[in-house]
């Protein structure tokens, strides 16, 4: 095999691994920050939380999820997307099964609940 054939492979291998240490470090920092705010936010909503560092948005998110109950029956559900370092609510999805008390918003204001759910999913996935 000639040197000219090995060189592109070597350059590609170097480029492939360049962002991994930084992304790994940011994931660790995100998890640590989520531990600071997640339990309190989840307890306030009687729910659970998950965290995600998004390389696409270069942000650390905490998603708090909860179930609403009325007369011992599940009456709705909610998700709140929080920027973990800013501690700002980015989006809120709270839907009652009767739909009469639904509340959904994103950074640009009140929005359709299906849009907000997709927005939260997108930010927690990418």
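The values are calculated or read from the model by the stated rules, or taken from the named source; none is laboratory data. Since this is a predicted model, take the numbers as computed values, not measurements. So basically every Cβ, Gly included, is an ideal-geometry build from the backbone, and we count neighbours across all protein chains shown.
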*If we scan the stretch 45-61, do we find a residue that is in contact (Cβ under 8 Å) with a residue 24 or more places away in the chain and over 27 Å from residue 25 (Cα atoms)?*
yes
*Long-range neighbours under 7 Å by Cβ, at least six apart or interchain, first residue within 11 Å of residue 62 (Cα to Cα) within the stretch 72-94, second assigned to a loop (DSSP other than H, G, I, E, B) and modelled with pLDDT under 95*: 90/107
*For the stretch 98-114, which residues satisfy the criterion of being in a helix (DSSP H, G or I) and surrounded by 14 or more Cβ atoms within 10 Å (Cβ to Cβ)?*
113
*asked:* Quick check on the stretch 65-76. Is at least one of its residues under 13 Å from the mean Cα position of the chain (by Cα), modelled with pLDDT of 90 or more and surrounded by 11 or more Cβ atoms within 10 Å (Cβ to Cβ)?
replied: yes
